[in-house]
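Below: the structure, in structure tokens.
The values are calculated or read from the model by the stated rules, or taken from the named source; none is laboratory data. Bear in mind that the values here come from a model prediction, so they are computed numbers and not experimental data. A quick note on method: Cβ atoms are made from the backbone with ideal geometry, for glycine too, and the neighbour counts reach across all protein chains shown.
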Amino acid sequence: MCRTLAAFPTSCLERAKEFKTRLGIFLHKSELGSDTGSAGKFEWGSKHSKEGRNFSEDVLGWKESFDLLLSSKNGVAAFHAFLKTEFSEENLEFWLACEEFKKLRSTTKLASRAHRIFEEFICSEAPKEVNIDHETRELTRTNLQAATAACFDVAQGKTRTLMEKDSYPRFLKSPAYRDLASQATQAMAASASPSSGSPAEPSHT
């Protein structure tokens, strides 16, 4: 698991565990989620479950834009699990590492973290080397000489574009996401129905 995902709130990790059931093949071998067994069964069709409705809206929002997917912690967890099935999770992990990197305010921490990110994702034969061109790699190497919060911007942008144009469409077309989105749609419909959860009134003629 990438260290950025490990920092997610417990509620997100518990919900990511639920994805192991909901996303089936995506999460068959995924390490996402909590192993405490404390996550409850998700109530897709309960009109009284505000959390259920919010989760359904979240799932359906992922197909609206790549930005919405990346802004959702659940979406990131699901997308990461999908990328693992394609052996390309390093792209998302690098993007997440850059997002966390840009939050640093200490110059000393920026410099040390920048070198760690470069060695993990950018340099040739890095353990999680991302697919970027030689010019971008060398530009990033040069940026490390005076590390700022923007030193990975070009590499991060190209990695994001690659995911948006390549992996993201396949994620949306995958049977696991289509099934999850279908369940979310049904849950939303049940939640919106006035008669949901109550017996039908007998007709009088």
Of the criteria (1) hydrophobic (A, V, I, L, M, F, W, C); (2) in a helix (DSSP H, G or I); (3) modelled with pLDDT of 95 or more, which one Ala184 fails: (3)
Residues (part of a loop (DSSP other than H, G, I, E, B) and more than 25 Å from the chain's Cα centre (by Cα)) located in the stretch 134-158: Ala147, Thr148
So Phe171, is it under 17 Å from Cys98 (Cα atoms) and either at pLDDT 95 or above or surrounded by fewer than 13 Cβ atoms within 10 Å (Cβ to Cβ) (or both): no
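Table: residues versus (1) part of a helix (DSSP H, G or I); (2) of a type in the set (A, V, I, L, M, F, W, C); (3) crowded, with 17+ Cβ neighbours inside 10 Å; (4) touching a residue at least 12 places away in the same chain (Cβ under 8 Å).
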{"site": "Leu92", "(1), (2), (3), (4)": "yes, yes, yes, yes"}
{"site": "Glu99", "(1), (2), (3), (4)": "yes, no, no, yes"}
{"site": "Arg113", "(1), (2), (3), (4)": "yes, no, no, yes"}
{"site": "Ile117", "(1), (2), (3), (4)": "yes, yes, yes, yes"}
{"site": "Pro127", "(1), (2), (3), (4)": "no, no, no, no"}
{"site": "Ile132", "(1), (2), (3), (4)": "no, yes, yes, yes"}
